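Remarks on the structure that follows.
Nothing in this text is a laboratory measurement; each read-out follows from the coordinates by a stated rule. This structure is a prediction, so every number in the text was calculated from the model and none was measured. Using ideal geometry, Cβ is built from the backbone for each residue, glycine included, and neighbour counts are taken over all protein chains shown.
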Amino acid sequence: MGAQAGPCAMVIFGAGGDLTKRKLIPAVYNLAKERLLPDHFAIVGVSLEKYSTEEFRKRLSDEVKEYASGDIDQKSWDWFTQRIYYTSGDFKDPALYQNLKNLLDQADKDQGTQGNALFYLATSPEFFPIVAKQLGDAGLTAEKEKSWRRVVIEKPFGHDLQSAIALNRALNEVLSEKQIYRIDHYLGKETVQNILAFRFANGIFEPVWNRRYVDHVQVTVAEELGVEMRGGYYDSAGALRDMVPNHIFQLITLCAMEPPIGFDADAVHDEQTKILRAFQPLTPEKVLDHAVRGQYGEGEIDATGVPAYRAEPHVDPKSNTPTFVAMSLQIDNWRWAGVPFYLRTGKRLKRRMSQIVIRFRRPPFVLFRKTVVDSLNPNELVINIQPDEGISLTFEAKIPGPTVKLGAVDMDFQYSDYFGSTPSTGYETLLYDCMTGDPTLFQRADMVEAAWAVVQPVLDVWAALPPRDFPNYAAGSMGPAQAFEMLRRDGREWREHMPKTGVCKAAPLARSAD
């Protein structure tokens with residue numbers, strides 16, 4: 001982020017919901033505080049609840065004190081609130097959109113937004129095609145002269161391949177592809193954005209970033225939290241739909257893609273899409289061995305008892321919805337053929353952890369045959385996304401002494417240590433890119449459909465064969481035993497420990513025969 005965005009209005013459908021108060025308003029306020037919002041800016045809230053503009057401003061002023069990611073600067077907040085407007089109505093009612101049109105005209109007159117508008121659909125997915133069509137029918141998506149109109153939708157982008165295709169078709173009936181911004185908040189994290197810079201700006205890594213040197217890749221997105229109050233949504237989605245076609249596949253494509261010809265959106269998206277299309281299809285027989293599902297039972301998190309998934313609010317007591325998924329995938333191209341990509345994600349796991357592990361091949365042991373060293377550990381490059389954003393490289397070093405003994409050394413880079421920390425919700429960069437018209441960190445229609453095509457065979461098999469062993473992992477564990485067995489069959493194991501903080505710390509235990 002750099003210069004201020006141009007004049008615009010941001011319209012939030014679902015302005016009375018959790019996403020707005022927890023993420024969107026704090027994120028836009030952070031942009032204001034960093035002077036990245038334009039001087040000519042407005043926010044228009046749209047929701048079913050009946051508020052006046054003044055009542056809505058007061059509500060946001062109360063809520064931001066709880067959900068802001070940093071201290072509130074009253075001068076910045078006062079500037080911000082004077083640019084907030086509100087209207088209410090049923091999303092299916094054409095009259096709402098006429099009222100919205102009038103309110104945008106008023107905001108343009110008051111704030112000088114120059115007819116530019118960003119429509120953020122912070123609603124249930126069922127309303128995406130409805131709101132888009134109503135916007136189109138009301139003429140609110142039409143771009144006139146130099147003004148622009150964009151629509152942002154949150155994941156999930158469909159429920160399966162067929163619904164994703166239908167959603168894309170519905171959106172494209174009223175919007176051009178360049179007007180659609182499919183947002184994934186994971187891509188707002190600095191470490192995720194840094195993957196391409198790390199790979200392509202450093203000459204020491206890209207030459208070994210291939211099947212000749214890499215043994216396998218692991219992607220873990222683990223959450224300590226359960227479903228909280230989202231049981232109604234989650235019970236119809238589950239871990240596979242909720243996380244894999246979007247968050248996790250975005251991480252894998254950024255790690256596995258070929259160098260793009262530039263960092264413009266289409267160049268990056270083209271290479272990401274090639275990776276999604278290069279995944280080897282999972283036959284029904286392969287699904288049984290290469291995909292694991294789980295559901296948590298009761299257990300303990302941080303020594304505190306927590307209920308089973310089926311006992312959570314708004315969840316069917318007999319639910320077969322998976323809260324955990326692990327998969328083994330192969331990318332069938334020249335760079336990655338034969339290199340497994342393992343992924344896992346789940347709720348109520350032992351620790352909150354999102355990381356990518358590049359595990360390199362073991363070196364030949366012959367040089368150490370006549371020493372006390374009895375094994376060589378593979379080198380690992382770990383990209384930590386949360387909770388502590390950073391990059392760690394593990395390698396072997398000789399422990400001082402008269403005999404040859406090896407110890408593991410971690411070289412850790414923590415973002416906060418080198419660059420400091422800036423209050424962030426994870427949405428700031430993405431919202432700024434929406435305003436400036438940079439779709440690089442957003443998903444294109446063909447990417448969405450290619451991702452669903454990879455997981456559709458798993459959805460089909462799991463729908464045909466309901467699980468018989470749910471719940472099959474305890475809350476506070478790292479998932480069902482089958483996920484560990486999936487890697488053991490390949491002679492591998494999941495990385496379970498977090499990298500140590502600090503720089504170049506040698507492990508105290510040597511691997512030797514004495």
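If each of K286 and A463 carries a label point 7 Å out from its Cα toward its Cβ, how far apart are those two points in nm? Result: 2.0 nm between the two label points.
Could you give the angle, 0 to 90 degrees to the nearest 10, between helix 128-137's Cα long axis and the longest principal axis of the Cα atoms of the chain? That works out to roughly 30 degrees. Where the alpha-carbon atoms of the stretch 237-370 are placed on the principal axes, they occupy 54, 49, 33 Å, in descending order.
Relative contact order of the stretch 8-154, taken over Cα pairs closer than 8 Å and 6 or more residues apart, is 31 percent. Among H159, H290, the order by Cβ neighbours within 10 angstrom, fewest to most, reads H159, H290. Straight-distance candidates among the lysines for linking to K398, with alpha-carbon spacing under 18 Å and chain neighbours fewer than 8 residues away dropped: K370, K505.
To make sure I understand, if each residue's beta carbon is the centre and we count other beta carbons within 10 Å, what order do R492, R362, R241 fall in, fewest to most?
Values: R492 17, R362 12, R241 22.
With the sparsest Cβ surroundings first, the list reads R362, R492, R241.
Here K21 is the anchor, and the aspartates and glutamates within straight C-alpha reach of less than 15 Å, apart from those fewer than 8 places off in the same chain, are E49, E55, D62, E63, E66, E428.
Computed over the chain, the P(r) curve from all C-alpha pair distances, binned at 10 Å from the origin, holds 4, 17, 26, 26, 17, 7, 2, 1, 0 percent per bin. Pairs to check: K274/K318; K146/K189; K101/K155. Give those whose C-alpha atoms are more than 30 Å from each other in this structure. With Cα atoms farther than 30 Å apart: K274/K318; K146/K189. Each part gets one Cα centre, and for the stretch 232-286 versus the stretch 440-461 those centres are 6 Å apart.
Of the beta bridges in the stretch 8-154, as assigned by DSSP with both residues counted there, near 0 percent are antiparallel.
At q = 0.12, 0.13, 0.17 Å⁻¹ the log10 of I(q)/I(0) for the stretch 8-154 amounts to -0.45, -0.53, -0.94, computed by Debye summation with a single uniform scatterer per C-alpha, solvent ignored. What residues from the stretch 8-24 fall in the zone where the backbone N is under 15 Å from a label point 7 Å along the Cα-to-C-beta line of D39? Once the point is set 7 Å along Cα→Cβ of D39, 8 turn out to lie under 15 Å by backbone N, inside the stretch 8-24. Please determine, in degrees from 0 to 90 and to the nearest 10, the orientation of helix 94-111 with respect to the longest principal axis defined by the Cα atoms of the chain, where the helix direction is its Cα long axis. Once rounded, one gets 90 degrees. Under 16 Å of direct C-alpha separation, and excluding same-chain neighbours fewer than eight residues apart, K33 reaches these lysines: K23, K65, K75.
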